[in-house]
1. Looking at VAL177, VAL154, VAL132 in this structure, which one is buried (at least 18 other Cβ atoms within 10 Å of the Cβ), at pLDDT 95 or above, over 23 Å from ASN89 (Cβ atoms) and of a type in the set (Val, Ile, Thr)?
2. Restricting attention to the stretch 85-108, does a residue exist that is more than 23 Å from ASP134 (Cβ to Cβ), at pLDDT below 95 and among the hydroxyl-bearing types (Ser, Thr, Tyr)?
3. So which helices (runs of 4 or more DSSP H) stay within the stretch 95-194 end to end and still have 1 or more residues that are within 25 Å of GLN73 (Cβ to Cβ) and in contact (Cβ under 8 Å) with a residue 40 or more places away in the chain?
4. Among the residues in the stretch 72-80, are any at pLDDT 95 or above, in a loop (DSSP other than H, G, I, E, B) and more than 15 Å from TRP133 (Cβ to Cβ)?
5. Tally time: how many residues in the stretch 46-63 are surrounded by fewer than 22 Cβ atoms within 10 Å (Cβ to Cβ) and in a loop (DSSP other than H, G, I, E, B)?
6. Among the residues of the stretch 23-45, how many are under 16 Å from the mean Cα position of the chain (by Cα) and without any contact (Cβ under 8 Å) to a residue 40 or more places away in the chain?
7. Among the residues of the stretch 144-157, are any within 17 Å of CYS62 (Cβ to Cβ) and under 15 Å from the mean Cα position of the chain (by Cα)?
Amino acid sequence: MRKALPISCSFAFVVLFAAMTARAVTVEMNYTGPEGNNSGGVYVYPYNFTFGSSSETYPLMCDDFVHEIMAPQSWDASTLNVSSLNSSNVLGLNFPGAGVTGYLEAAYLFTEEVTAYDDSNSDPEGLYNWAVWDLLKGSDVSGTHLDSTDEATVQNYLDAAEADGSSLTPSDFPDVVIYTPFDMSPGGPQEFMGYNTPVTPIPEPTTLGLLLSGSLLLLGRKR
């Protein structure tokens, strides 16, 4: 017969489990530079990043045209998987006015860009990226930078996203992560989207406290 754990030991395991399963929402982002795609005089997807102390590079898409970053540059950001997007947490993103629908449409455009880039870079001018900038900014950013042909393509992309917008749900984008900088002031960095990208959690004081408490309880029980 399996014996029940003593209360103190059971509590220690509960504390450790709670700490280990706490939702990690903070990452250290290290911008290493653009991949090289350029249109309208600016770089577009992909922007290369590493996370935390890892040296592995991942491509992200900038969804904010107004802010500017320079490599090398690092900052802390909160993470939100689009599959968890709702009317409450969207208020903490860089463009709360876009709402859930706006960010779902942006995620749709982003995944289209990822597919185009992976398909022999069939969108070297990053026009899907321009469409995301127009969408979330709520104005025709691309119209003042692109020629008429590229601008027409951007508008077609936006029309396609809007046409699908009503049918899009957060569960359609389980692999898309939004990285929102803690500093969203005019001089702060930009918000980014990643596809199937990892996050490196920076333990919060409360999480560290839980881990320490659990460890001490287990150690005390062992003694």
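The values are calculated or read from the model by the stated rules, or taken from the named source; none is laboratory data. All values reported here derive from a predicted model rather than from experimental measurement. Cβ: placed from backbone, ideal geometry, glycine included. Neighbour counts: every protein chain shown.
1. Values: VAL177 fails: over 23 Å from ASN89 (Cβ atoms); VAL132 fails: over 23 Å from ASN89 (Cβ atoms).
Step by step, each of VAL177, VAL154, VAL132 is checked, and only VAL154 is buried (at least 18 other Cβ atoms within 10 Å of the Cβ), at pLDDT 95 or above, over 23 Å from ASN89 (Cβ atoms) and of a type in the set (Val, Ile, Thr).
2. Among the residues of the stretch 85-108, not one is more than 23 Å from ASP134 (Cβ to Cβ), at pLDDT below 95 and among the hydroxyl-bearing types (Ser, Thr, Tyr), which makes the answer no.
3. Values: elements: 99-118, 127-137, 148-165.
Per the criteria, 99-118, 127-137.
4. Yes, that holds for at least one residue.
5. Adding up the residues that qualify gives 6.
6. 1
7. Residues of the stretch 144-157 that are within 17 Å of CYS62 (Cβ to Cβ), as a first pass: 145-146, 154, 157.
After this cut, where a residue has to be under 15 Å from the mean Cα position of the chain (by Cα) as well, the list is none.
No.
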